[in-house]
Structures are given as C-alpha cells and as structure tokens.
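K.L.:
Let me give you the structure first, and then I'll get to my questions.
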2 protein chains.
Amino acid sequence: MRCKAEGGCPHVATSMIQTLEWTDRGVRFIDQTKLPTEETYVNCTTYQEVADVIRNMVVRGAPAIGVSAAMGIALGVKNSKAESVGQLKTEFDEICDVISKTRPTAVNLFWAIRRMQQKFESLRVRTVAQIKQALVEEAQRIHAEDIAINQEMGRNGAALMPASGGVLTHCNAGALATAGYGTALGVIRAAVEQGKKIHVYADETRPFLQGSRLTAWELVKDGIPTTVISDNMSGAMMRQGKIGAVIVGADRIAANGDVANKIGTYTVAVLAKEHNIPFYVAAPISTVDLETPDGSKIPIEQRNPAEVTHFAGKAVTPVGVQIENPAFDVTPAKLVTAIVTERGIARAPYEESLATLVRGVEQFVNP
Amino acid sequence: MRCKAEGGCPHVATSMIQTLEWTDRGVRFIDQTKLPTEETYVNCTTYQEVADVIRNMVVRGAPAIGVSAAMGIALGVKNSKAESVGQLKTEFDEICDVISKTRPTAVNLFWAIRRMQQKFESLRVRTVAQIKQALVEEAQRIHAEDIAINQEMGRNGAALMPASGGVLTHCNAGALATAGYGTALGVIRAAVEQGKKIHVYADETRPFLQGSRLTAWELVKDGIPTTVISDNMSGAMMRQGKIGAVIVGADRIAANGDVANKIGTYTVAVLAKEHNIPFYVAAPISTVDLETPDGSKIPIEQRNPAEVTHFAGKAVTPVGVQIENPAFDVTPAKLVTAIVTERGIARAPYEESLATLVRGVEQFVNP
C-alpha cells in the first residue's frame, strides 16, 4: 500500500485495490462476494445491472455504495436514447428511483443521488450531450473525492490510534468499502504509515463475513499484521488485554451521534465500554444525516434469511427454525468516544460537533 | 419431547435424541458434526475410537464428554485380553490416560475418569470378569444418572425462566450436550412443560455452529419456537427488548463461581449486564471444580485454526492471516445471576453456595 519512493511521496498506492472504476465499457466492480478466494470483476453496462450489484452486495460499504450509485446514474444517463432534455430528465428520475430502492440504511446512497440531482438541475439549460458528459464527470469526481476524503480522514484519525498493540475492527470499512484507502482501515493505514505498530483484530462478521473475507484480504495485501476472530471472541480478546482501541465505519450517523453500522457493532461498543477501551467511528461527512434526529429513526435493512441458514450452499440450520437477519444495528452516541471525519474529529455533545462539521467549519479537536 | 400420555406421565421422552448409547456392539454416538442435515451414527468398537470421537467433536458438551469418557473406559476394559487384575489395571491406567488427553477444559471428563478409577479401586479383590462387568455397569449408571440429573436441574431452574418471551442461549447445552434432556435446554424444556411460553433465541455459535446446527435442531424437534441469530446479533436483540433471560451451560465452574463455557459466553454475559437481564448457568455438580480456585486457572483449549479459516471445505480467509480459536472463555462470577444444579440453585457468594452444594447439602434458595 505504501509507496516505495523516498521522502514522503504523496502517492498512497490505492491502485492496488480498485473497488470500482468507470471505464469506456461500463462500470467495473471487484466482486466482493467472491473474495478472498477469487479476485474477479463484474462489468455493468446498464444502470439496472449497477442496481443489482449494489443489492446483491457485489459492492458494499456505505461510501462505495454512494460512489456506485453516482456511477450507476451516470451510466444510465449515458445510455439514454432521449432526444430532449425533458425526456432525459424523465429517464433520469426513473434511474434515480431504481437506484434509491437498492438498500435502505447507508445514507451515502441518498447523498450521492441528491448530488447527481443537484448537478442535473444546475445544467438544465444545456444540451442532452452536455448533460450526459457533465453527469459522467460528476460521478468520476465523486469517486476521486472519496479517495481524497479517506486519506484526509486517515490523517485526522491516526493520532487516536495507539502507538502499538491491538486494534479491533468489525466488518469491512476499508478500501473495498470505499473508492479506495478506507475509513476505519484508512485511519489504521495512516497510523501504520506514521510508524505505529498496530496489530489488527478483525471480527469475521457473520453472516456475510466481510471481516474474514475482505478486511483480512486487504490488510494481508498491505502487510499489516491481522488476526481474524469469530465475532464472539472479541469480548475474550478485550478481557485478555489484547485490544487497545476499536475503530469501525458507519452506514449512517444521526444528528445526535447515534451510529448505524454493520450488525454486531453495538455489541463491540458495549464490550469496549466494559473494558474502558476507546470506541471510534470513522466516516465521511456524507454519512452524517442531520435530517435523522437519532438512531431510532434509521431504517434497518433485514436481509435474506438464507445468509444465516446456508453457507456456500450448505444448510447449517434445520428446517422449521426462524431467523433474524438485520444487516445493521444502532450504537448509541454515549458509547462513541469520537467520530473521525475528513473535516475533523467530533466528540460529544455530537448535536453540536457534527452540525458544525457538516456546515463545513473544520473542528480541530485535540485527539 | 413431551410424552403424549394424559395426567402428567413421568416419561420425559428423551429417547427421541440418543446422544450416545452403550450397545452390545460398542458405543454408538449421533454424529454431531453432520447435524442438522444428516442424522447419522458412529459406532465405536475401541476406546481409541471413543477418544477420537471426543477429540473431533462428534460428541461434545461437558456432561456428554463425561459420559463418553466413562463409556470409552468401560469399552477399553471390556475389550482387554488381560488375564490378571494387575495386568488389567495397567491397561486401565493407559486407557484413562489416553481418554484424559482428548480435551482439556470440560472438568466432567476428569470427573468421570476419577469415578471410574474409584470404582476400579473398590473392586480390586475381584476377578477380571467381575471388574469388567462392574465398570461397564458403572458407565451405564453414569449415563442414566446424567439424564436424571438434567431433569432435576430442569425442575430447579424452571422457576427462574420468564412466564413468556425470549430466552437467549449460546452454544448447545441441550440433550446433545448430555446423555439427554440437557442442562440449559433442560431448564427451558422444564419451563415449557410447566406451560411457560418461551421463545428461544439461539446464537449460532461460531465457529462450530452448535447453536444453529444443534440447539435449533433439538428445539425444532420439540416444537419449541426458536430463532437462530448470528452471535453478533444478541446485543441488538437485547436492546430491542426481545430477551428476558439468558441461560447457558458450563464446561467448568471454579470454586469462586467463575464459569468457563463456549467462546462468546462472556460477551453475552456483559451484554446481559448492560441490559439488566438475568444471566443463568445450568450445570451438574460434576462441572463444579472446587480444586480450581478461579477462572484464571482453567485451561482453555485452542482448537484448529481451520475451524475459522474454512467452512465446508471452502476458504473464508486469505492466506497469510493469523487466527485465534479459543474454544472457551471465562465469565467472571460477578456477571452470573445464579447457577442451577441438580442439588439446588447457587447464588453469590459462590465460594459458599457452591461448596455447600458440592458437599451434598441441598440448598433451597428461592429463585
């Protein structure tokens, strides 16, 4: 991951993992359902295919979902046969509607759609060709910005990481969950780049195994020492003194600082509190949703029970049993030590600190 | 599970699940690695095969491991070609040694070996044939006693269960973990038999999936409503108010009330405390180890990393990642609301209450 050049080369070699990419032939995604055993790519040539790819978790992670949504919209618009701006707008609205219904929790999806809508509105007086070009460029800009945002977040958060020792993360908030570099794993990468000796403990993160399949894959590629544990081992690892900090991503952060993130995050936060271990969240400002007052208002997606009942096609539960499969849970703000964003670090009271950051004023809070 | 006869038939139809059984052709085990998709049986004709069956978790669960150890010893003795009592004793010691090295944490294994040793000692003046017969009978007695103990434990613990609502359990402390009926699931069964409307939430229990594969299979057979969740969902279920009590089994209980049980139990106990939910442990007196002063002295088995890295032969982690796979963790006594045994219910201070129960004095503590 780190550039080999001397003297602090500004390249962070995120090119090693291309989560998704705009190409002349469509939008190309690394297939996250096949990792870590197969590194294969899916090329989408229609916006409906991009919607499927988001829905089926070929791509996942709130920031990556946002970038995917923008690229899906750009692809749909580019493919349009519309001959008038009015006709293009009708198709654009339909495309946005389809993309908006793929997954409910990650607010970055809706943020990206809104940003593409705003771009379209700002361009209404132009030609169909000009609008197409502008929307494709906007999607690519969102992609590039996301990488830069993650790097900034990494710089902001690195000081929070311990100089050495274990850092626990849950799910995958890495390069694969973003356009590159990662949110929580971006902070860890930045800390390692600063010379901190971090050993990552990655919860495997049932049922989709983002931790064992994706986080471990990314970190092994980067040479960052990583231990995979079952989700139910994090308490024991903390009690044994192996964990000095926890850092996770987020799918939506409410105005009061409540954090929706991958199911199991709440359990980790309760365990961190019990062991007096700091619990950090790293997320771009686009994940903060000031229109959602608190976590109880965040829609939580229920996914297919088959994710729990079957594994690689093999049944692991008997017929007749019931299943719960919420994809996310909500960690109340009181359990969150700090929220790392590209604009600075927010601490309680989050109503104030988050609102200040969203309004664009950098908050320099000493870590 | 419940006998269909009118008027409170004393049969608890544990015959529906035969975890293990002494037969003329050897010791027969239901293969717990194959459930719930295949109900197959393994027949062991040598004590070494019984040792393998314990080691490979074809049979698991502290009480079932104890009964298996006794039967393995009886089988080895029965098969002996020894012509003198002295020769038989040498072989017996070798058999006990092999069996004792199968798994380190469940103290019931060592309890059963000691009981068979005591039986042998008490019989020294008899013939080889008489000793063989007595040891086979002793193993069968341990088997029968275990079922009776579980039923008594169920009666003692049922009053602790809520009249209705969700009860969370972790791993499998059921009929499959014992000679029949179960410890934690025995308490749930007894409560249901008393008319309580319990809905069981079963943690799937990675990496071996005893919850989804075994607990769910048992309870569905019995018609007890059961929802399987990933281990990382228990916190969210508690926060949503779905869990009224937690009950688990134990592999070893130290003199001070610290409880070694399946990895993840500690996490559940911390979550229960955070939500003011009672956390109960159900275990026979043979699981209480007064010679171990506290949990820090309990040996914790590390199992094969492949349990975490692979699933049904498929890799779920990248090459180069490290793995932790402790089979058990220790829940400190302060998180344990009560310990249900066949002799009564122990509450803090456990040093006193457990010692009293072990000495054989029934403790009638109001639930």
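K.L.:
Would you mind stating whether A:L357 is in a helix (DSSP H, G or I) and more than 14 Å from chain B (Cβ to nearest Cβ)?
P.N.:
Details: in a helix (DSSP H, G or I): yes; more than 14 Å from chain B (Cβ to nearest Cβ): yes.
The answer is yes for A:L357.
K.L.:
What is the one condition in (1) away from chain A (no Cβ under 13 Å); (2) among the hydroxyl-bearing types (S, T, Y); (3) over 28 Å from B:A355 (Cα atoms) that B:T205 does not satisfy?
P.N.:
Only one criterion in (1) away from chain A (no Cβ under 13 Å); (2) among the hydroxyl-bearing types (S, T, Y); (3) over 28 Å from B:A355 (Cα atoms) is unmet by B:T205, namely (1).
K.L.:
Related question: Taking interchain pairs and intrachain pairs at least six residues apart, which have beta carbon atoms under 6 angstrom, with the first residue in segment B:319-338 and without any contact (Cβ under 8 Å) to a residue 40 or more places away in the chain and the second in a loop (DSSP other than H, G, I, E, B)?
P.N.:
Partner pairs satisfying both residue conditions: B:I323/B:P305.
K.L.:
Please enumerate the residues belonging to segment A:106-141 that are more than 22 Å from the chain's Cα centre (by Cα), surrounded by fewer than 20 Cβ atoms within 10 Å (Cβ to Cβ), part of a helix (DSSP H, G or I) and in contact (Cβ under 8 Å) with a residue 12 or more places away in the chain.
P.N.:
Passing the criteria: A:V128, A:K132, A:A134.
K.L.:
Would you check which residues across segment B:132-150 are in contact with a helix residue (DSSP H, G or I) (Cβ under 7 Å, 6 or more places away or on another chain) and over 14 Å from B:I285 (Cβ atoms) and list them?
P.N.:
Within segment B:132-150, the first condition is being in contact with a helix residue (DSSP H, G or I) (Cβ under 7 Å, 6 or more places away or on another chain), and the residues that meet it are B:132, B:134-136, B:138-139, B:142-143, B:146-147, B:150.
Of everything in segment B:132-150, those that are in contact with a helix residue (DSSP H, G or I) (Cβ under 7 Å, 6 or more places away or on another chain) and over 14 Å from B:I285 (Cβ atoms) turn out to be B:K132, B:A134, B:L135, B:V136, B:E138, B:A139, B:H143, B:I147.
K.L.:
Follow-up. Just to be sure I understand, how many residues within segment B:148-162 are in a loop (DSSP other than H, G, I, E, B) and out of contact with any strand residue (DSSP E or B) (no Cβ under 7 Å at 6 or more places or on another chain)?
P.N.:
First, pick out the residues of segment B:148-162 that are in a loop (DSSP other than H, G, I, E, B): B:159-162.
Okay, now just the ones that are also out of contact with any strand residue (DSSP E or B) (no Cβ under 7 Å at 6 or more places or on another chain), so B:159.
Qualifying residue count for the region: 1.
For (1) more than 22 Å from the chain's Cα centre (by Cα); (2) more than 14 Å from every other protein chain (Cβ to nearest Cβ); (3) at pLDDT 95 or above, each residue gets a yes or a no:
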site: A:K273; (1), (2), (3): yes, no, yes
site: A:F279; (1), (2), (3): no, no, yes
site: A:A283; (1), (2), (3): no, yes, yes
site: A:S286; (1), (2), (3): no, yes, yes
site: A:L290; (1), (2), (3): no, yes, yes
site: A:G295; (1), (2), (3): no, no, yes
site: A:N304; (1), (2), (3): no, no, yes
site: A:E307; (1), (2), (3): no, no, yes
site: A:G313; (1), (2), (3): yes, no, no
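K.L.:
Continuing with the same structure: How about segment A:48-62: which of its residues are touching a helix residue (DSSP H, G or I) at 6+ places or on another chain (Cβ under 8 Å) and open to solvent by 50 Å² or more (accessible area, probe 1.4 Å)?
P.N.:
A:Q48
K.L.:
Is at least one residue of segment B:258-269 open to solvent by 10 Å² or more (accessible area, probe 1.4 Å), more than 9 Å from chain A (Cβ to nearest Cβ), more than 21 Å from A:V308 (Cβ to Cβ) and over 18 Å from the mean Cα position of the chain (by Cα)?
P.N.:
No: segment B:258-269 contains no residue that is open to solvent by 10 Å² or more (accessible area, probe 1.4 Å), more than 9 Å from chain A (Cβ to nearest Cβ), more than 21 Å from A:V308 (Cβ to Cβ) and over 18 Å from the mean Cα position of the chain (by Cα).
K.L.:
Residues A:H199, A:H170: which one is within 10 Å of chain B (Cβ to nearest Cβ), in contact with a Gly (Cβ under 7 Å, 6 or more places away or on another chain) and either open to solvent by less than 10 Å² (accessible area, probe 1.4 Å) or aromatic (F, W, Y) (or both)?
P.N.:
Working: A:H199 fails: either open to solvent by less than 10 Å² (accessible area, probe 1.4 Å) or aromatic (F, W, Y) (or both).
Testing whether each residue is within 10 Å of chain B (Cβ to nearest Cβ), in contact with a Gly (Cβ under 7 Å, 6 or more places away or on another chain) and either open to solvent by less than 10 Å² (accessible area, probe 1.4 Å) or aromatic (F, W, Y) (or both) leaves just A:H170.
K.L.:
Is it the case that segment A:219-226 has a residue that's more than 12 Å from chain B (Cβ to nearest Cβ) and either among the hydroxyl-bearing types (S, T, Y) or touching a residue at least 24 places away in the same chain (Cβ under 8 Å) (or both)? Talk me through it step by step, then tell me what you get.
P.N.:
So the first thing to find is which residues in segment A:219-226 are more than 12 Å from chain B (Cβ to nearest Cβ), and the list is none.
Within segment A:219-226, none of the residues are more than 12 Å from chain B (Cβ to nearest Cβ) and either among the hydroxyl-bearing types (S, T, Y) or touching a residue at least 24 places away in the same chain (Cβ under 8 Å) (or both).
K.L.:
Could I ask something else about it? Being open to solvent by 10 Å² or more (accessible area, probe 1.4 Å), part of a helix (DSSP H, G or I) and within 19 Å of B:D231 (Cβ to Cβ) is the filter here; which residues of segment A:282-317 pass it?
P.N.:
Scanning segment A:282-317 gives A:A306, A:E307, A:T309.
K.L.:
Of all the residues that make up segment A:318-340, how many are under 20 Å from A:F208 (Cβ atoms), surrounded by fewer than 24 Cβ atoms within 10 Å (Cβ to Cβ) and of a type outside the set (A, V, I, L, M)?
P.N.:
Going through segment A:318-340 one residue at a time, the tally reaches 4.
K.L.:
In this structure, is B:N256 over 14 Å from B:L354 (Cα atoms) and polar (S, T, N, Q)? Explain how you work it out, then say what you get.
P.N.:
Numbers: over 14 Å from B:L354 (Cα atoms): no; polar (S, T, N, Q): yes.
Against the criterion (over 14 Å from B:L354 (Cα atoms) and polar (S, T, N, Q)), B:N256 does not qualify.
K.L.:
Output yes when any residue across segment B:113-128 is of a type in the set (D, E, K, R) and under 30 Å from B:R347 (Cβ atoms), and no when none is. Show your work before the answer.
P.N.:
First pass over segment B:113-128, keeping only residues of a type in the set (D, E, K, R): B:114-115, B:119, B:121, B:124, B:126.
The next check asks that each one be under 30 Å from B:R347 (Cβ atoms); those that pass are B:114-115.
Looking for residues that are of a type in the set (D, E, K, R) and under 30 Å from B:R347 (Cβ atoms), one finds at least one in segment B:113-128, hence yes.
K.L.:
How many residues does segment B:79-88 hold that are crowded, with 16+ Cβ neighbours inside 10 Å and in a helix (DSSP H, G or I)?
P.N.:
Total satisfying the criteria: 2.
K.L.:
Restricting to strands (runs of 3 or more DSSP E) lying wholly in segment A:1-47: which have 3 or more residues that are surrounded by 13 or more Cβ atoms within 10 Å (Cβ to Cβ) and modelled with pLDDT under 95? Please lay out each step first, then the result.
P.N.:
Numbers: elements: A:20-23, A:26-30, A:41-44.
In segment A:1-47, there are no strands (runs of 3 or more DSSP E) which contain 3 or more residues that are surrounded by 13 or more Cβ atoms within 10 Å (Cβ to Cβ) and modelled with pLDDT under 95.
K.L.:
For residues in segment B:89-105 being outside any helix (DSSP H, G or I) and of a type in the set (S, T, N, Q), which is surrounded by the most Cβ atoms within 10 Å (Cβ to Cβ)?
P.N.:
First, the residues of segment B:89-105 that are outside any helix (DSSP H, G or I): B:101-105.
Among the residues that remain, those that are also of a type in the set (S, T, N, Q) are: B:102, B:105.
Values: B:T102: 19, B:T105: 21.
Applying the filter and picking the extreme gives B:T105.
K.L.:
Conditions first: (1) at the interface with chain A (Cβ under 7 Å from one of its Cβ atoms); (2) in contact (Cβ under 8 Å) with a residue 12 or more places away in the chain; (3) open to solvent by less than 10 Å² (accessible area, probe 1.4 Å). B:I253 passes all but one, so which condition is the exception?
P.N.:
Evaluating B:I253 over (1) at the interface with chain A (Cβ under 7 Å from one of its Cβ atoms); (2) in contact (Cβ under 8 Å) with a residue 12 or more places away in the chain; (3) open to solvent by less than 10 Å² (accessible area, probe 1.4 Å) leaves (1) as the failure.
K.L.:
Answer yes or no as to whether A:V288 is touching a strand residue (DSSP E or B) at 6+ places or on another chain (Cβ under 7 Å) and of a type in the set (A, V, I, L, M, F, W, C). Spell out how you get there, then give the answer.
P.N.:
Numbers: touching a strand residue (DSSP E or B) at 6+ places or on another chain (Cβ under 7 Å): yes; of a type in the set (A, V, I, L, M, F, W, C): yes.
Against the criterion (touching a strand residue (DSSP E or B) at 6+ places or on another chain (Cβ under 7 Å) and of a type in the set (A, V, I, L, M, F, W, C)), A:V288 qualifies.
The values are calculated or read from the model by the stated rules, or taken from the named source; none is laboratory data. From a predicted model like this one, the values you see are computed outputs, not experimental measurements. Reconstructed Cβ throughout: ideal geometry from the backbone, glycine too, with neighbour counts over all protein chains shown. When the accessible area is computed, the model is the full protein with side chains, heavy atoms only, and any ligands, DNA or RNA have been set aside. Shrake-Rupley method; radii C 1.70, N 1.55, O 1.52, S 1.80 Å.
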